[in-house]
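Below is one structure; the comments refer to it alone.
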Amino acid sequence: PSGAMKLLHTSTGSNVSSIDINGYFTSDYDHYKLIYSVYGASNNTDTVVRIMQSGSVVSSSNYWYAGMGMYRASGDTSANTAGSNGASYWRISSDDNTNNAQYPTTGEMLLSNPLSTTHNITMTTTNIGYNSASTPNAIRVWTYAGQYVDTGASSGVSFQYDGGNIYGTIRLYGIVNS
């Protein structure tokens, strides 16, 4: 039925440079949902996503993103923003994540039009994350939107940390076209 979600692939990684989901986009779906729970091998790193084209990770400066987050630490709540036009990735969480497995960055992403050669690929994501202390003292929620400014079709996505390896699980669901 139209709008139903179908699990297409689950990818896991343990202390690897990236967790990739490649080769699962089809004309049956214009929109995909990714559910992720990841953490870095190193403290104080950004959770980032890059698209893949023809099976290769794309690190060109065609990524645009904007995000806002709320932090709660030591009785104080604060708001933060982040963004870039012309980055080499989409940042999807705070810039100083913990490497403690008990506190992964967990969220969901809506990825739209990955096979389009007419429209830019777009994404929105919301997640929970924690600061880089070995036992975090702050909890965060981030919401991001982004586009990849290019009309080349994507073959997949790559989850990474900008300062080291990654651990985690990512599930890809297709949202059935009408």
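For region 118-160, what does the accessible surface come to per residue with a 1.4 Å probe? Please give it in Å².
37 Å²
How much length is gained if the chain between residue 134 and residue 68 is pulled fully straight, taking 0.36 nm per residue apart and subtracting their Cα-Cα distance, in nm to one decimal?
Going from the current span to full extension adds 21.4 nm.
Per residue, how much space in cubic angstrom lies within the convex hull of the C-alpha atoms of region 55-114?
135 Å³
Please give the FRET efficiency for residue 120 paired with residue 2, using the beta carbon to beta carbon distance and R0 = 22 Å, rounded to the nearest 0.05.
Efficiency, rounded to the nearest 0.05: 0.35.
Under a plain spin-label model, where a point goes 7 Å from the Cα along Cα-to-Cβ, how far apart in nm are residue 17 and residue 61?
Placing both labels 7 Å along Cα→Cβ, they lie 2.3 nm apart.
Quick one: with all protein chains in place, what share of the accessible area of the chain is carbon or sulfur, to the nearest percent (1.4 Å probe)?
Ligands and nucleic acids excluded, carbon and sulfur reach 46 percent.
Calculate the spin-label point distance for residue 177 paired with residue 37, positioning each point 7 Å from the Cα along the beta-carbon direction, and give it in nanometres.
That separation, rounded to one decimal, is 3.3 nm.
Evaluate the Kirkwood expression for the hydrodynamic radius of region 69-149, namely the inverse of the mean inverse distance over all pairs of different C-alpha atoms, and round to one decimal in Å.
It is 13.9 Å.
With N set to the residue count of region 95-142, report its C-alpha Rg divided by 2.2 N^0.38 Å to two decimal places.
Ratio of Rg to 2.2 N^0.38 Å for region 95-142: 1.55.
Give the Rg/Rh ratio for region 1-46, taking Rg as the radius of gyration of the Cα atoms and Rh as the Kirkwood radius, to two decimals.
Taking Rg over the Kirkwood Rh, I get 1.06.
For region 1-110, with every protein chain kept in place, what is the accessible area per residue (1.4 Å probe, Å²)?
Per-residue value: 48 Å².
Can you tell me what percent of all Cα-Cα pairs in the chain are more than 20 Å apart?
Every Cα pair in the chain considered, those over 20 Å come to 50 percent.
The values are calculated or read from the model by the stated rules, or taken from the named source; none is laboratory data. Everything numeric in this text was worked out from a predicted model, so none of it was measured. Ideal geometry is used to build each Cβ from the backbone, glycine not excepted, and the neighbour counts take in all protein chains shown. Quick note on the areas: whole protein, heavy atoms, side chains included, nothing else; ligands and nucleic acids left out. Shrake-Rupley method; radii C 1.70, N 1.55, O 1.52, S 1.80 Å.
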